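The values are calculated or read from the model by the stated rules, or taken from the named source; none is laboratory data. Predicted, not measured: the structure shown is a model, and the values here were computed from it. Note: ideal-geometry Cβ built from the backbone for every residue, glycine included; neighbour counts use all protein chains shown.
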């Protein structure tokens with residue numbers, strides 16, 4: 001021990017005394033460096049970083065984008081969440097008042113639970129999400145995060161064979177312009193409303209609010225009789241302080257958005273459902289089963 005202490009005081013290194021692994025300088029790991037840069041802390045935003053994203057263009061984008069201060073974007077700093085696992089994103093700064101959540105898969109079904117944690121044992125906002133095809137219809141929603149710090153928890157409730165890519169970033173825009181354009185549709189507790197859209201509507205924006213009471217609702221995208229392409233069950237403890245805003249992809253024809261108020265009759269909600277992105281519709285792109293060009297039915301090959 002005296003020899004080792006003397007060598008340490010003199011700054012002398014001997015491999016037989018200390019071992020080579022103690023002083024080996026490890027080569028940089030590009031994967032670890034990339035993850036570290038992606039989770040860099042910005043005191044003005046959050047502690048997981050934000051992504052630049054890609055703007056979504058459309059006929060109805062300009063009005064909503066100008067009101068929010070920046071275009072709705074798809075985050076590209078995604079983290080893979082395996083089936084049955086949980087990932088969290090923490091936002092320590094109170095300046096972050098809203099976050100954008102993007103979930104998608106490579107074409108497989110998507111099942112996830114998203115929760116907002118604020119303090120111990122306090123979950124003021126949570127969602128349960130199902131999407132039939134997470135590549136064709138990725139989930140894109142927003143959560144209000146006033147009075148930080150806040151944590152977003154995303155759990156992949158599917159099996160291990162169904163991973164999903166998740167991205168959470170700060171979004172400090174405003175959604176009040178959507179509520180100010182048209183009067184809302186009041187949905188009483190236990191009631192539902194349906195909204196049918198033209199095939200040219202490629203995505204739909206949905207805003208749900210209350211007068212300060214809790215909000216319990218289920219939002220469904222149907223394409224055909226009882227054919228659910230996307231289902232979101234949402235709960236917020238205060239529908240005025242934490243309104244719910246989502247953008248639903250609606251490719252193809254025959255899309256219907258159904259909003260169900262899951263609360264009792266004492267808890268009505270206000271709903272705004274409008275087209276978000278409008279494109280061009282090609283009727284030849286739809287597949288017609290059992291028909292011909294004249295609209296007649298083909299029964300056989302005779």
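With a requirement of 1 or more residues that are out of contact with any strand residue (DSSP E or B) (no Cβ under 8 Å at 6 or more places or on another chain), buried (at least 17 other Cβ atoms within 10 Å of the Cβ) and at pLDDT below 90, none of the strands (runs of 3 or more DSSP E) lying completely within segment 60-132 satisfies it.
Quick one: which of 239, 252 is in contact with a strand residue (DSSP E or B) (Cβ under 9 Å, 6 or more places away or on another chain), surrounded by 19 or more Cβ atoms within 10 Å (Cβ to Cβ), assigned to a loop (DSSP other than H, G, I, E, B) and modelled with pLDDT under 95?
Checking each option against the conditions leaves just 239.
Note on segment 194-215: residues that are in a strand (DSSP E or B), over 20 Å from residue 133 (Cβ atoms) and over 18 Å from the mean Cα position of the chain (by Cα) amount to 5. Checked across segment 154-162, the condition of being more than 21 Å from residue 272 (Cα to Cα) and crowded, with 22+ Cβ neighbours inside 10 Å holds for at least one residue.
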